[in-house]
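Note sheet for the following structure.
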């Protein structure tokens with residue numbers, strides 16, 4: 001018999017998002033966030049992170065190890081998506097068009 005995989009509850013996902021926000025804000029205090037379910041996977045969550053830096057991937061360097069630990073150890077499918085303000089606007093437009101059809 002195998003154990004059934006069970007994802008963390010939404011409350012725990014929100015707590016995990018707050019933890020990741022804290023890691024990011026420690027280096028980028030002006031960062032802005034939006035937590036949303038992933039458009040392509042109802043079990044996954046995206047923490048959209050707006051940072052005005054040249055290389056937004058620097059944000060992933062801060063959170064990558066913790067994201068992996070959360071997924072493997074706590075079954076929290078939460079992914080930080082660093083963007084610049086202009087990219088965030090574009091992503092919201094693309095997402096809105098998907099829902100209109």
| field | Residues that are over 18 Å from residue 68 (Cα atoms) and touching a residue at least 24 places away in the same chain (Cβ under 8 Å), drawn from region 36-57 | value | 39, 50, 51, 52, 53, 56
| said: Being touching a helix residue (DSSP H, G or I) at 6+ places or on another chain (Cβ under 6 Å), within 19 Å of residue 17 (Cβ to Cβ) and at pLDDT 95 or above is the requirement here; does residue 76 meet it? | reply: yes
| Verdict on residue 64 being within 15 Å of the chain's Cα centre (by Cα) and modelled with pLDDT of 95 or more | yes
| task | Please work out if residue 6 is in contact (Cβ under 8 Å) with a residue 40 or more places away in the chain and out of contact with any helix residue (DSSP H, G or I) (no Cβ under 7 Å at 6 or more places or on another chain). | result | yes
| note | When region 9-35 is checked residue by residue, the ones that are without any contact (Cβ under 8 Å) to a residue 40 or more places away in the chain, in a helix (DSSP H, G or I) and in contact with a strand residue (DSSP E or B) (Cβ under 6 Å, 6 or more places away or on another chain) are 21
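Can you tell me which residues in region 36-57 are assigned to a strand (DSSP E or B) and buried (at least 18 other Cβ atoms within 10 Å of the Cβ)?
In the first step, residues of region 36-57 are kept if they are assigned to a strand (DSSP E or B); the result is 36-38, 41-50.
Those that are assigned to a strand (DSSP E or B) and buried (at least 18 other Cβ atoms within 10 Å of the Cβ): 45, 46, 47, 48, 49, 50.
The values are calculated or read from the model by the stated rules, or taken from the named source; none is laboratory data. Here the structure is a predicted model, which means the values were calculated and not measured. Because the Cβ atoms are built from the backbone with ideal geometry, glycine has one as well, and the counts that use them run over all protein chains shown.
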